[in-house]
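To start, the structure itself, in structure tokens.
Nothing in this text is a laboratory measurement; each read-out follows from the coordinates by a stated rule. Note that this is a predicted model, so its numbers are computed, not measured. In this analysis, Cβ positions are derived from the backbone assuming ideal geometry, glycine residues included, and neighbour counts consider all displayed protein chains.
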Amino acid sequence: MRQIRFDNVSKSFDGEIILKNLNLNIPSGQFFALLGPSGCGKTTLLRLIAGLENVDSGKIYLGDKEITNLPIYKRRINTVFQEYALFPHLSVYENVAYSLRIKREKESVIKNKVGDVLKTVRLLGFESKYIRSLSGGQKQRVALARAIINEPEVLLLDEPLAALDPKLKEQVLIELIDLHDKLKTTFLYVTHDQFEALTVADQMAIMSSDGNIEQIGVPKQIYEFPASIFVANFVGNTNIIDGVLQIKDNVWEVKVEGLGSFYVFVPSIKSWMSNGCKLFISIRPEKIYISKKEIEGFSNRLIGKVIDIIYYGRSTQYRVLLKNGKRLTVFEQNEEHFPQEVIDYEDEVNLYFQKENVVLLES
Ligand SMILES: Nc1ncnc2c1ncn2[C@@H]1O[C@H](COP(=O)(O)OP(=O)(O)OP(=O)(O)O)[C@@H](O)[C@H]1O
Ligand SMILES: [Mg+2]
């Protein structure tokens, strides 16, 4: 059992509360991502698990065992930090072998283990190279090798890819997923980059700036059904509009000033949702279909004028000004399987979207 559990944990620095009565369950063997803005307390949470900080109150468990006050060396937990923390004057082999030397393992054991982990992180043949001669991605893999050589029950990863360029980042992310499949230990991956979290995570938790866990779920659930405005905005891009809920004869609509009413569909009804209540709706830019034509089959339609077009290669982003002065963002994939409609600056357009793609958020 390698499940990590926070039970009512609080932590403050110099009288400032960072984590308050935090409850969190990280299931055994999962690749779990913790996503939150800079300064919200992610590193602090990792340091509490690793034993590098002490809680003010509450308990931390690893499986059934309480580890709140267990010394660092008795925890089978390893951390990969953003800045690698490697020894630049030692070879790859010696960096990876370091902790085994401290434990006074036999040379033959060290040789076997280092060989195994270097194979796992695809660095065989790099044994005698010095750290300073490696690329960012290679250094990252040495740091990983060093963290997994002690067969930790839990691997903590604190923004481990921050120093890598986007292409390399994508590659190392895939390597991390493979590594997790191979090791099957619990990975806790901390980042403020939503792309990284969505890519790697079996499950993810979203932490708000004040250190609260706002939502936990599989990436698709978090993205498609954000539970709050904070989550909707923080994970991906979205359009937020305020309105009033109208429920009549089991038909749900949201009335927006100056724009009329939209049909909405609510998969699970929350206690705050009542006829006449104020709320926000979130519509992802890629869930909106933009066209100058009249098209059937959509639950909702808005009319507006294109005020901005940005071409991204794979997709194009449009900004559209609506009648009530509100601006919406729309993404269109540049698929071009068929001749695509040309939409220009200042064109009058229809924006179509389905009721299932409107998310209702508490005001
Ligand atoms: N040792 C410390 N002493 C005093 N304050 C600290 C200490 N460590 C962290 N803090 C404060 O606690 C808050 C949370 O810091 P933390 O490093 O956990 O944030 P983070 O979510 O990891 O941010 P980032 O994404 O920028 O790494 C910050 O306001 C920080 O200044
Ligand atoms: Mg941090």
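Side notes on the structure shown:
- Fewest-first sequence of HIS89, HIS337 by Cβ atoms within 10 Å of each Cβ: HIS337, HIS89
- Of the cross-linked pairs LYS20/LYS113; LYS74/LYS182; LYS65/LYS169, those separated by over 32 Å at the C-alpha level are LYS20/LYS113; LYS65/LYS169.
- Size descriptors for the stretch 104-213, from the alpha-carbon set: Rg then Dmax equal 15.3, 50 Å.
- Of VAL231, VAL244, ILE131, farthest towards positive along the dipole that unit charges on Lys, Arg, Asp, Glu beta carbons give the chain: ILE131
- Neighbour-count order for VAL218, VAL96, fewest beta carbons within 10 angstrom listed first: VAL218, VAL96
- Estimated from helical segments only, the mean residue ellipticity of the chain at 222 nm is -7000 deg cm²/dmol, where each DSSP H run of four or more residues counts as -39500 (n - 2.57).
- Spread over its residues, the convex hull of the C-alpha atoms of the stretch 43-83 is 75 Å³ per residue.
- Counting DSSP beta bridges with both ends in the chain, the antiparallel % (nearest 5): 75 percent
- Over all Cα atoms in the stretch 139-189, the spread is summed up by Rg and Dmax: 10.6, 30 Å.
- Of the residues MET273, MET207, the one with the fewest other Cβ atoms within 10 Å heads the list, and the complete ranking is MET273, MET207.
- Less than 5 angstrom separates the built amide H of SER91 from none of the residues sequence-distant by 5 or more or on a different chain.
- Calculated on the alpha-carbon coordinates, the convex hull of the stretch 1-69 measures out at 82 cubic angstrom per residue.
- Most mobile listed residue (SER261, SER209, SER128) in the chain, GNM with C-alpha springs under 10 Å: SER128
- Shape box of the chain [Cα atoms, principal axes, largest first, Å]: 76, 49, 34
- Building the convex hull from the alpha-carbon atoms of the stretch 115-154 and averaging its projection over directions returns 2.9 nm².
- Stokes-Einstein diffusion of the stretch 265-342 at 10 °C, 1.306 mPa s viscosity, Kirkwood radius from Cα pairs, rounded to a whole number: 106 µm²/s.
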